[in-house]
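Take this structure, written in structure tokens, and hold onto it; I'll ask about it next.
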Amino acid sequence: MHIDVDEPDARNLFWEGMRDVADAAARHQDQALYQAIVKIGRAALAQGVELVPSGGLFLQCPICDALPGQLCINVAGHPLGDRECHPERVELAAKTLSGEAPLPPPLR
Ligand SMILES: [Zn+2]
């Protein structure tokens, strides 16, 4: 298999993959998959993979309560614009993966 290390979209693909796993975890209520997401995410950040604006999709949104793997929805006072998820969700993702904030359920 050929892997292009200069793949410009690699970061997006990575977080898209995290979202896919979260979607499967939510669908099957699979705790082991949630734990895998945390493990993979932490290792990725440690390796310098940066979060992207859609990088919070693997956890539940603190603003609109979208479930892991689901896109955010517009709620009063928090318009999405053309974003896929609320900035607060991405911020929460960064904080929980770096250990600054506790993991929200169902990730812990
Ligand atoms: Zn949201």
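Pick from segment 61-108 the residues that are of a type in the set (Asp, Glu) and within 9 Å of the ligand (Cβ to nearest atom): which of them is nearest to Leu51 (Cα to Cα)?
In this case the residue turns out to be Glu88.
Now a separate question. Regarding Ala24, is this residue of a type in the set (Gly, Ala, Ser) and either modelled with pLDDT of 95 or more or outside any loop (DSSP other than H, G, I, E, B) (or both)?
Judged against the criteria, Ala24 is a match.
Now for a separate question. Can you find even one residue in segment 32-50 that is more than 11 Å from the ligand (Cβ to nearest atom), surrounded by 17 or more Cβ atoms within 10 Å (Cβ to Cβ), of a type in the set (Asp, Glu) and without any contact (Cβ under 8 Å) to a residue 60 or more places away in the chain?
no
Here's a follow-up. Identify all residues within segment 53-83 that are closer than 17 Å to Met18 by Cβ, crowded, with 17+ Cβ neighbours inside 10 Å, touching a residue at least 24 places away in the same chain (Cβ under 8 Å) and not hydroxyl-bearing (Ser, Thr, Tyr); write none if there are none.
Matches in segment 53-83: Gly55, Gly56, Leu57, Phe58, Leu59, Gln60, Cys61, Pro68, Gly69, Gln70.
Please verify whether Ala101 is of a type in the set (A, V, I, L, M, F, W, C) and either in contact with a helix residue (DSSP H, G or I) (Cβ under 8 Å, 6 or more places away or on another chain) or surrounded by 14 or more Cβ atoms within 10 Å (Cβ to Cβ) (or both), treating the condition exactly as stated.
Criteria met by Ala101.
The values are calculated or read from the model by the stated rules, or taken from the named source; none is laboratory data. Nothing here was measured: the structure is a model prediction, and the numbers come from that model. Heads up, the Cβs are rebuilt from the backbone with ideal geometry, glycines too, and the neighbour counts pull from every protein chain shown.
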